[in-house]
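One structure is given below, encoded as structure tokens.
The values are calculated or read from the model by the stated rules, or taken from the named source; none is laboratory data. As the structure is a computational prediction, the values presented were derived from the model and not from experiment. Glycine gets a Cβ as well: all are built from the backbone with ideal geometry, and neighbour counts include every protein chain shown. Just so you know, the surface numbers come from the protein's heavy atoms only, side chains and all, with ligands and any DNA or RNA stripped out. Shrake-Rupley method; radii C 1.70, N 1.55, O 1.52, S 1.80 Å.
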Amino acid sequence: MIAFLGVAVLVIVAPGPDFALTLRNTVRGGGASTALGVASGQLVWVLATAAGVAALLAAWHPAFVALRIVGAAYLIWLGVATLRSRGAHKPRFRRGSPYRQGLLSNLANPKMPVFFLSLLPQFGASFLALTLHGLVFAGLTLGWLLLVARGASLLLVPRVRRIVDVVTGVVLIAFGAQLATERR
């Protein structure tokens, strides 16, 4: 378990799309909800991995490519929307929107099933072992992103908010472009 925790923490704290989205939504008032959405998406991938569904998805090339294109388009859409509304004083979230964005961002990321397929089986083979390790991973992710959201809430000064919106908008577009152009 110590080896798993070491690997998990290193992967979780490395900035990626979920981190950027959480940061973006924190300055808009929805960081904690986004973190919950991301963790919920991870739980879906954990169960899909433990049940063998993620392996089928990763093996079926057309489905994997479709997921990659949807994920890339969603990240680019979020980035463009961020750039268009940078620094807006009133966030335009509909009820549940930050949660939904975190959930969809994670579920539409084709790297998640590949990641869980390569990580979890190294630490257990049974459904229970895979699920428990995945629950720990999702819990650690949630804790990290909530910490990020708490720290980033200090960035609510309008000038800082505009800068964060521009940076995270560009980062989300870059992640989406990278996802759209990478080869499996």
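Before moving on, here are some points about what is shown:
- With θ taken as phi - 60° and the Karplus curve 6.51 cos²θ - 1.76 cosθ + 1.60 applied, the whole-hertz 3J(HN,Hα) list for the range 30-35 is x, x, 5, 5, 5, 4 Hz, x standing for glycine and proline.
- Principal axis box of the range 1-70, alpha-carbon based, largest edge first, Å: 38, 35, 18
- Accessible-area composition of the range 95-184, carbon plus sulfur, in percent [1.4 Å probe]: 70
- Database remark: amide H of Gly30 closer than 5 angstrom to no amide H (H placed geometrically; neighbours at sequence offset of 5 or more, or on other chains; Pro and chain starts carry no H).
- Computed FRET value (nearest 0.05) for Gln178 with Ala66, which takes r as the C-beta separation and R₀ as 22 Å: 0.80
- Between 0 and 90°, nearest 10: helix 2-13 axis offset from the chain longest Cα axis: 30
- For the chain, dividing the convex hull volume of the Cα atoms by the residue count gives 101 Å³ per residue.
- Degrees separating the helix 127-152 axis from the principal Cα axis of the chain, which is the longest one: 10
- Distance between modelled label sites at Ser118 and Leu135, nm, 7 Å Cα→Cβ extension: 2.7
- Total charge dipole magnitude, the chain, about the Cα centre, Cβ charges on Lys, Arg, Asp, Glu only, Debye to nearest 20: 860
- Folded to 0 to 90 degrees: helix 17-26 orientation relative to the chain principal axis, Cα: 40
- Gap separating the Cα centres of the range 24-56 and the range 121-184, nearest whole Å: 9
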